[in-house]
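Undergrad: Quick one: structure below, then a few questions.
The values are calculated or read from the model by the stated rules, or taken from the named source; none is laboratory data. Small disclaimer: the values here were computed from a predicted structure and weren't measured. Cβ coordinates were reconstructed from backbone atoms using ideal geometry, including for glycine residues, and neighbour counts include every protein chain displayed. Keep in mind that these areas ignore ligands, DNA and RNA; they rest on the heavy atoms of the full protein, side chains included. Shrake-Rupley method; radii C 1.70, N 1.55, O 1.52, S 1.80 Å.
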Amino acid sequence: MKITRISVYQVDLPLEYPYWLSGGRLRFDSIDATFVKLETDEGLVGWGEGTPWGHTYLPSHGPGIRAGIETMASWVMGLDPRQVLTVERAMDLALPGHLYAKAPIDMACWDIKAQAMGMPIADAMGGGSRRPQPIASSVGAKTVAETRAVMDRYRERGYIAHSVKIGSGVDDDIARIRDVEAHRADNEIILYDCNRAWSRQEALKVMQATENLYVTFEQPCETTADIAAIRPMHAAPVSVDETLVTLEDAVKIANQGIAEVFGIKLNRVGGLTKAARIRDVALAHGIDMFVMATGGSVLADTEALHLAATVPDRHLKAVWACQDMLTYDVAPGKGPRNVQGHLNLPEEPGLGVKPDETMLGAPVAVYSA
Ligand code: MG
């Protein structure tokens, strides 16, 4: 089987509510999605998506994905998409780094590989859990009262996992954490996501003030070095996501005991093939995981759901449904949807969802053999 054509589509996905990153910095109201259609000489078609969470958040952006695919297209043309390692190496040779640009092609290859095997991607990767996976909420409220109100709205919809955005101010953060913890239910999974907003001193102040609550903080500081430097001075579990990009990052963070939780974002780390290795590093070091898209449609959410299903249930904290934050749906009514705050693995062979091509417009680029 050979890849014979790569079609690239660009779609702006508007957010229902404008997004402010923790701390009030960086606002955006739409995300730039790239969809990739891989066609083969045997008729199987695979779909990939790459949707960074805006371009002000991290060094990845929509136009970069499309430029990267242009550079890599001739290197992957003619390869067998079922040989995901061969395709991965071709992309790494064609364009070192730029992992986020490679993820959509890797995703489309897995879609084809799993279709060829007649099973969902999670099973093609070795076996997928059918547990309904809890979706993490995204609680961007600023005050104690607002935070409580937003979380209660999520709870009414069945959510048991919450990502509470903090980093707006040390005293406010402490007050909000204490209030959330005072009202949390026994079965709830709560992560306090700082999105790199704190300095080392600010992080220490909050982490020490809430030490008796044993809460988990995600990405408290800008760099892994910052997080490692304060590690001996507090007792709080730490999750890393923004600075978990490469396998080398994962090995270092795991080996040096810098974090107890990994937030694996599929587009950031370069797709399923590379993410699976990070998963295994986590499992080998007793590290639990959140597995998510960086953003995007039901396709991106579903890709993450497949990887999440390959993590033993007790080590998988939650997934995400970015689709619920969007006002445009490229696959109306199709694929895994939010059911009482949970997502269920699709049973169709492959990814289990494909876009309605009329929702994508004309391709912005087509490469053929
Ligand atoms: Mg995060």
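Undergrad: Of all the residues that make up region 278-288, how many are more than 13 Å from Ala308 (Cα to Cα) and in contact with a Leu (Cβ under 9 Å, 6 or more places away or on another chain)?
TA: The number of residues fulfilling the criteria is 1.
Undergrad: Across region 40-74, what is the total count of residues that are farther than 20 Å from Thr86 by Cα, assigned to a helix (DSSP H, G or I) and of a type in the set (Gly, Ala, Ser)?
TA: 3
Undergrad: Another question, then. Could you tell me whether Lys334 is surrounded by 14 or more Cβ atoms within 10 Å (Cβ to Cβ), modelled with pLDDT of 95 or more, assigned to a strand (DSSP E or B) and not assigned by TED's automatic domain parsing to the domain that holds Val45? Lay out the reasoning, then the answer.
TA: Details: surrounded by 14 or more Cβ atoms within 10 Å (Cβ to Cβ): yes; modelled with pLDDT of 95 or more: yes; assigned to a strand (DSSP E or B): no; not assigned by TED's automatic domain parsing to the domain that holds Val45: yes.
The answer is no for Lys334.
Undergrad: Please verify whether region 316-327 includes one or more residues that are surrounded by fewer than 16 Cβ atoms within 10 Å (Cβ to Cβ), assigned by TED's automatic domain parsing to the domain that holds Tyr159, closer than 18 Å to Ile264 by Cβ and not hydrophobic (A, V, I, L, M, F, W, C).
TA: No: region 316-327 contains no residue that is surrounded by fewer than 16 Cβ atoms within 10 Å (Cβ to Cβ), assigned by TED's automatic domain parsing to the domain that holds Tyr159, closer than 18 Å to Ile264 by Cβ and not hydrophobic (A, V, I, L, M, F, W, C).
Undergrad: Check His162, His183 and return the single one that is within 16 Å of the ligand (Cβ to nearest atom) and at pLDDT 95 or above.
TA: His162
Undergrad: Can you spot a residue in region 189-206 that is over 19 Å from Ala141 (Cβ atoms), of a type in the set (A, V, I, L, M, F, W, C) and within 16 Å of the ligand (Cβ to nearest atom)?
TA: Yes, region 189-206 has at least one match.
Undergrad: Among the numbered criteria (1) surrounded by 18 or more Cβ atoms within 10 Å (Cβ to Cβ); (2) within 15 Å of the ligand (Cβ to nearest atom), which one does Ser297 miss?
TA: (2)
Undergrad: Looking at this structure, is Ile31 within 20 Å of Glu357 (Cα to Cα) and assigned to a helix (DSSP H, G or I)?
TA: In short, no.
Undergrad: With the condition kept exactly as written, say whether any residue in region 66-74 is in contact with an Asp or Glu (Cβ under 6 Å, 6 or more places away or on another chain), without any contact (Cβ under 8 Å) to a residue 60 or more places away in the chain, closer than 23 Å to Phe28 by Cα and outside the structural domain of Cys221 (by TED's automatic domain parsing).
TA: Among the residues of region 66-74, not one is in contact with an Asp or Glu (Cβ under 6 Å, 6 or more places away or on another chain), without any contact (Cβ under 8 Å) to a residue 60 or more places away in the chain, closer than 23 Å to Phe28 by Cα and outside the structural domain of Cys221 (by TED's automatic domain parsing), which makes the answer no.
Undergrad: Moving to a separate point now. Residue by residue through region 208-225, note down the ones that are under 19 Å from Lys165 (Cβ atoms) and within 16 Å of the ligand (Cβ to nearest atom).
TA: Of everything in region 208-225, those that are under 19 Å from Lys165 (Cβ atoms) and within 16 Å of the ligand (Cβ to nearest atom) turn out to be Val215, Thr216, Phe217, Glu218, Gln219, Pro220, Cys221, Glu222.
Undergrad: Now for a different question. Mind listing just one residue for me: the one in region 341-358 that is open to solvent by 50 Å² or more (accessible area, probe 1.4 Å) and outside any loop (DSSP other than H, G, I, E, B) and, of those, nearest to Pro120 (Cα to Cα)?
TA: Pass one, region 341-358, residues open to solvent by 50 Å² or more (accessible area, probe 1.4 Å): 344, 347-349, 354, 356-358.
Applying the additional criterion that residues be outside any loop (DSSP other than H, G, I, E, B) yields 357-358.
Details: Glu357: 22, Thr358: 25 Å.
Across region 341-358, the extreme among qualifying residues is Glu357.
Undergrad: Okay, next question. Any residue in region 79-98 that is within 16 Å of Val366 (Cβ to Cβ) and among the aliphatic types (A, V, I, L, M)?
TA: no
Undergrad: Gly62 is checked against (1) touching a strand residue (DSSP E or B) at 6+ places or on another chain (Cβ under 6 Å); (2) free of Cβ contacts under 8 Å to residues at least 60 places away in the same chain; (3) open to solvent by 10 Å² or more (accessible area, probe 1.4 Å); (4) not hydrophobic (A, V, I, L, M, F, W, C) and fails just one. What number does that condition carry?
TA: (3)
Undergrad: Another one. What's the number of the only condition in (1) away from the ligand (no atom under 16 Å from the Cβ); (2) touching a helix residue (DSSP H, G or I) at 6+ places or on another chain (Cβ under 8 Å) that Arg231 fails to meet?
TA: For Arg231, the exception is condition (2).
Undergrad: Can you tell me which residues in region 199-215 are in contact with a helix residue (DSSP H, G or I) (Cβ under 7 Å, 6 or more places away or on another chain) and either farther than 24 Å from Leu316 by Cα or open to solvent by 30 Å² or more (accessible area, probe 1.4 Å) (or both)?
TA: If the condition is that a residue be in contact with a helix residue (DSSP H, G or I) (Cβ under 7 Å, 6 or more places away or on another chain) and either farther than 24 Å from Leu316 by Cα or open to solvent by 30 Å² or more (accessible area, probe 1.4 Å) (or both), then Arg200, Glu202, Ala203, Leu204, Lys205, Val206, Ala209, Thr210, Leu213 are the ones that fit.
Undergrad: Still on this model: Looking at (1) crowded, with 21+ Cβ neighbours inside 10 Å; (2) assigned by TED's automatic domain parsing to the domain that holds Asp41, which is the only condition Val164 fails?
TA: Looking at each condition in turn, Val164 falls short on (2).
Undergrad: State which residue is nearest to the chain's Cα centre (by Cα) when the search covers only region 236-292 and only residues that are in a loop (DSSP other than H, G, I, E, B), surrounded by fewer than 20 Cβ atoms within 10 Å (Cβ to Cβ) and away from the ligand (no atom under 16 Å from the Cβ).
TA: Here the residue is Thr246.
Undergrad: Oh, and also: For the list (1) among the basic types (Lys, Arg); (2) within 24 Å of Phe28 (Cα to Cα); (3) surrounded by 22 or more Cβ atoms within 10 Å (Cβ to Cβ), I need the number of the one condition that Arg176 fails.
TA: Of the numbered conditions (1) among the basic types (Lys, Arg); (2) within 24 Å of Phe28 (Cα to Cα); (3) surrounded by 22 or more Cβ atoms within 10 Å (Cβ to Cβ), the odd one out for Arg176 is (2).
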